[in-house]
Amino acid sequence: MKIYDLRSDTVTKPSEEMRKAIYRAEVGDDVYGEDPTVNRLQDLSSKITGKKASLFVSSGSMANLIALYINGGRGKDVIIHKDGHSLHHELGAPAAIAGVNLVGVPGERGILRSDIMVDYVNSPNGSYHDAKTSMIVIENTHNFAGGTCYYRENLKDVKIFADRYEVKIHMDGARVFNASVATGMSVKEICTYADSVTFCLAKGLGAPVGAILSGSKEFIEEAKTVRKMLGGGTRQAGILAAAGIYALENNRNRLIEDHINAKTLAKTLDATSWAQVDSTKIETNIVFFNTIGISAQKLERKLFRRGILCFATGPNTIRFVTNLDISKQDINSICGIISAIEI
Ligand SMILES: Cc1ncc(COP(=O)(O)O)c(C=O)c1O
């Protein structure tokens, strides 16, 4: 039985071509800054984000943590959407390691808005009793809101607000390339609204390991020391960076296919008697749907027995993420299996 893994876009395996790029990678000791392939990946990333410098790190969580450590700061408030990844899915590291107090703020579609944040921000000359707000984290696309994007007006709104309160913006752009494809904005333009940016190589782009943190030269210099402190200084990492370069050069333009597949999947699910999802609200590669008349856990097992892997995120909620290893033909097969399921 063919297995269709839709649990996440992190489950993809490196292609033959990507493996060849890994095999051919020139390497050196990256802790000394001497790995030419890592340096090439970092330079390419800076070109893409429009930032002055970039750093290759092990994961999106590590990139976010380094940004929170440097621009958040111990005992400071950092505003984040209430369903944000750093708030719920990074093991409390922002508090435990960076010492920041993440403040969860509501917002439709996972998007932060100035008229809501105003009730949560503590200004530099505010009350003696309040932790000062140092930073805002925007998650673009927003994972648990369903792969939703910040559009230009959303980004402008947050930036004007951040400038007014003199706080920094970190963009958790784990899936910023999906946001770029969906909004028509270049990654560079999106990044102009943030002081620092995380993006993942090992999600929609299909690399096996790694993420990038981009920002100013001074910020990245400091980030290097924090990365080392976290145990993230690696040596001949060019082996992995080569996969990242391959991913950036070859797997960006195809992300639109994942978005089209996600829409098809959502429409098929909504046409069943046991799932509800508004397919018009699917913006990128993430589909959350509600189960009807069956628990998410039971449905997850039912789908698994038919070769479809998904992620039950709540008692009645399931997430599918389309990805590089799921073709249009696969989606047609998956939709056929889904349509035949009776509850
Ligand atoms: C929005 C977002 N940020 C950060 C991360 C963390 O990335 P990593 O798994 O590489 O630590 C994820 C992972 O799913 C994510 O969805």
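General observations
- Those residues of the range 132-147 which are open to solvent by 10 Å² or more (accessible area, probe 1.4 Å), under 15 Å from residue 64 (Cβ atoms) and away from the ligand (no atom under 12 Å from the Cβ), in sequence order: 134
- Taken over the range 134-158, the criterion of being assigned to a helix (DSSP H, G or I) and of a type outside the set (Asp, Glu) is satisfied by 152, 154, 155, 156, 158.
- A count restricted to the range 62-83 and to residues that are within 16 Å of the ligand (Cβ to nearest atom) and open to solvent by 40 Å² or more (accessible area, probe 1.4 Å) stands at 3.
- Residue list for the range 85-101, restricted to those being open to solvent by 50 Å² or more (accessible area, probe 1.4 Å) and touching a Ser or Thr at 6+ places or on another chain (Cβ under 9 Å): 89, 91
- Wholly enclosed strands (runs of 3 or more DSSP E) of the range 24-131 bearing at least 2 residues within 16 Å of residue 210 (Cβ to Cβ): 53-57
- Among residues of the range 241-274, those that are among the aliphatic types (A, V, I, L, M), surrounded by 17 or more Cβ atoms within 10 Å (Cβ to Cβ) and out of contact with any Phe, Trp or Tyr (no Cβ under 8 Å at 6 or more places or on another chain), counted: 5
- Qualifying positions in the range 34-61 - in contact with a Ser or Thr (Cβ under 9 Å, 6 or more places away or on another chain), open to solvent by 30 Å² or more (accessible area, probe 1.4 Å) and within 16 Å of the ligand (Cβ to nearest atom): 58, 61
- Evaluation of residue 150 against (1) hydroxyl-bearing (Ser, Thr, Tyr); (2) within 30 Å of residue 6 (Cα to Cα); (3) more than 15 Å from the ligand (Cβ to nearest atom) (one fails), failing number: (3)
- Any hit, the range 225-235, residues being within 15 Å of the chain's Cα centre (by Cα) and open to solvent by 10 Å² or more (accessible area, probe 1.4 Å): no
- Residue selected from the range 1-21 under the condition assigned to a loop (DSSP other than H, G, I, E, B) and open to solvent by 80 Å² or more (accessible area, probe 1.4 Å), by the criterion farthest from the ligand (Cβ to nearest atom): 1
- Subset of the range 290-343 (residues that are open to solvent by less than 50 Å² (accessible area, probe 1.4 Å), under 17 Å from residue 9 (Cα atoms) and not in a loop (DSSP other than H, G, I, E, B)): 308, 309, 312, 318, 319, 320, 321, 330, 331, 334
- Applying a threshold of 7 Å to beta carbon distances and a minimum spacing of six or more residues, or different chains, the list of pairs starting in the range 158-183 at a residue that is under 23 Å from residue 103 (Cβ atoms) and ending at one that is open to solvent by 50 Å² or more (accessible area, probe 1.4 Å) and assigned to a helix (DSSP H, G or I) reads 169/159.
The values are calculated or read from the model by the stated rules, or taken from the named source; none is laboratory data. Keep in mind that this is a model prediction, so the values were computed, not measured. For neighbour counting, all protein chains shown are included, and Cβ atoms are generated from backbone atoms with ideal geometry for every residue, glycine included. Heads up: the accessible areas ignore ligands, DNA and RNA and are worked out on the full protein's heavy atoms, side chains in. Shrake-Rupley method; radii C 1.70, N 1.55, O 1.52, S 1.80 Å.
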